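**Student:** This is the structure I want to talk about, given as structure tokens.
The values are calculated or read from the model by the stated rules, or taken from the named source; none is laboratory data. Computed from a predicted structure; not experimentally measured. Heads up, the Cβs are rebuilt from the backbone with ideal geometry, glycines too, and the neighbour counts pull from every protein chain shown.
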Amino acid sequence: MPVYKTEKNGTWYAMVRYKDWKGERKQKCQRGFATKREAQEWERQFQLQKQANMDMTLESFCKLYEADVRPRLKENTWLTKESIIQSKILPYLGQRKMSEITAKDVIDWQNEMRSQKGKTGKPVSSTYLKTIHGQLSSIFNHAIRYYDLNINPARKAGTMGAEESKEMLFWTKEEYLKFAEAMMDKPLSYYAFEMLYWCGIREGELLALTPADFDFHNQTVTINKSYQRLKGRDVITSPKTKKSNRVVKMPQFLSEEMEDCMKLYYSLKPTDRLFPVTKHYLSHEMDRGCKATGVKRIRIHDLRHSHVSLLIDMGFTALAIGNRVGHESEKITYRYAHLFPSKQTEMADRLNIERAGDVAEKGEKKKCP
């Protein structure tokens with residue numbers, strides 16, 4: 001269809017008629033193009049999108065990709081994807097046609113990503129390289145699955161980077177108690193860290209807690225949501241995984257402490273956030289406590305590791321721990337295998353006794369007339 005010029009300001013606009021997924025006739029107008037060619041190219045890409053034609057550019061396809069996948073994802077998950085697409089993929093491959101992007105193009109893109117530096121001036125981490133390649137591959141997989149693209153050039157090129165195992169830091173019970181004592185001058189901070197350490201909940205789960213989540217008669221707290229601060233807004237989402245929906249039994253002393261915590265508020269509604277602070281606040285408070293006590297600095301999330309470590313040391317199984325912290329037992333076993341007491345020596349000793357018994361039995365038989 002033709003494009004038009006706005007005489008008032010000299011810009012161009014395109015008017016497109018099409019049928020939506022219901023078969024109904026629709027019309028779309030896009031304004032503000034500096035040149036006629038830009039307006040015509042927008043019109044062409046729009047038509048290709050509606051036809052699901054893989055001659056469209058990667059940038060155009062990403063709009064379809066967003067429309068398809070965004071409604072299924074949590075907002076913070078999509079924002080992470082969007083950031084990678086906008087900053088790491090489209091500036092390099094965005095104007096290439098989907099049907100013409102080759103494995104060699106992807107390899108060239110990978111080399112460009114490897115050469116980039118982060119905000120600190122250091123090379124991009126291997127884990128992040130793997131993440132951004134995975135996002136590019138996901139886009140092509142979506143095009144193959146739903147729009148009949150023939151091949152995934154990102155898969156053919158092979159991945160880049162690798163998952164780096166992060167050092168797992170944790171506090172002993174003695175270290176935590178020393179830190180907690182320094183937090184007592186700020187009750188809200190103290191109670192927040194008590195929940196994190198003695199229940200092993202995630203930071204987002206803590207910040208989403210409301211009075212209605214606590215059952216002091218049964219000394220339990222229900223974990224069924226998570227807090228995020230996204231683009232200046234407080235956002236409450238479902239927990240990280242289905243397994244994360246759980247009821248955690250609190251030790252009696254913690255249940256009593258949380259009752260005291262709620263008495264700090266003049267007016268507290270059942271649905272109000274019990275800890276109306278940010279992750280940055282908790283990080284600052286941890287800095288303060290570590291500086292005051294000399295306890296080594298760990299991440300807020302490492303308090304969760306500390307809780308798991310404590311339970312392992314107390315002799316609880318991976319299954320029991322997994323149910324408490326919202327993980328599959330296999331993940332607990334894999335992640336914390338080095339903390340579980342080894343049975344190897346006990347096994348070897350038992351096998352030695354078995355073997356010795358067999359030898360002794362044969363010796364007795366030989367002595368018999």
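**Student:** Would you mind stating whether residue 134 is surrounded by fewer than 21 Cβ atoms within 10 Å (Cβ to Cβ) and not in a helix (DSSP H, G or I)?
**Tutor:** In short, no.
**Student:** From the set of residues in region 165-208 that are of a type in the set (A, V, I, L, M, F, W, C) and touching a strand residue (DSSP E or B) at 6+ places or on another chain (Cβ under 7 Å), which is farthest from residue 281 (Cα to Cα)?
**Tutor:** Top of the filtered list is 199.
**Student:** Residues in region 51-59: is at least one touching a Ser or Thr at 6+ places or on another chain (Cβ under 6 Å) and in the same structural domain as residue 133 (by TED's automatic domain parsing)?
**Tutor:** yes
**Student:** Being assigned to a helix (DSSP H, G or I) and in contact with a Ser or Thr (Cβ under 7 Å, 6 or more places away or on another chain) is the filter here, so list the residues in region 137-156 that pass it.
**Tutor:** Of everything in region 137-156, those that are assigned to a helix (DSSP H, G or I) and in contact with a Ser or Thr (Cβ under 7 Å, 6 or more places away or on another chain) turn out to be 153, 154, 155.
**Student:** Name the residues in region 25-44 that are surrounded by 18 or more Cβ atoms within 10 Å (Cβ to Cβ) and in a helix (DSSP H, G or I), would you?
**Tutor:** Once the filter is applied, which keeps residues that are surrounded by 18 or more Cβ atoms within 10 Å (Cβ to Cβ) and in a helix (DSSP H, G or I), region 25-44 yields 39, 42, 43.
**Student:** Of 248, 235, which residue is surrounded by 19 or more Cβ atoms within 10 Å (Cβ to Cβ) and not in a helix (DSSP H, G or I)?
**Tutor:** Result of the check over 248, 235: 248.
**Student:** Of all residues being basic (Lys, Arg) and over 28 Å from the mean Cα position of the chain (by Cα) in region 149-197, which is nearest to residue 210 (Cα to Cα)? Just the residue, please.
**Tutor:** Out of the qualifying residues, it is 186.
**Student:** Let me ask something else. Just wondering, is there one or more residues in region 57-73 that are among the hydroxyl-bearing types (Ser, Thr, Tyr) and not in a helix (DSSP H, G or I)?
**Tutor:** yes
**Student:** Consider residue 330 against the criteria (1) at pLDDT 85 or above; (2) exposed (fewer than 14 other Cβ atoms within 10 Å of the Cβ); (3) closer than 25 Å to residue 243 by Cβ: it satisfies all of them except one. Which criterion is unmet?
**Tutor:** Going through (1) at pLDDT 85 or above; (2) exposed (fewer than 14 other Cβ atoms within 10 Å of the Cβ); (3) closer than 25 Å to residue 243 by Cβ one by one, residue 330 breaks only (1).
**Student:** Within region 70-106, count every residue that is touching a helix residue (DSSP H, G or I) at 6+ places or on another chain (Cβ under 7 Å) and closer than 30 Å to residue 226 by Cβ.
**Tutor:** Residues in region 70-106 being touching a helix residue (DSSP H, G or I) at 6+ places or on another chain (Cβ under 7 Å) and closer than 30 Å to residue 226 by Cβ: 8 in total.
**Student:** Another question, then. What pairs come up if the first residue lies in region 206-218 and is in the same structural domain as residue 252 (by TED's automatic domain parsing) and closer than 18 Å to residue 244 by Cβ, the second is in a helix (DSSP H, G or I) and among the acidic types (Asp, Glu), and their beta carbons are under 9 Å apart, counting only those six or more places apart or on different chains?
**Tutor:** 214/259
**Student:** Here is a list: 192, 212, 180, 162. Which entry is in contact with a helix residue (DSSP H, G or I) (Cβ under 7 Å, 6 or more places away or on another chain) and either of a type in the set (S, T, N, Q) or more than 29 Å from residue 313 (Cβ to Cβ) (or both)?
**Tutor:** 162
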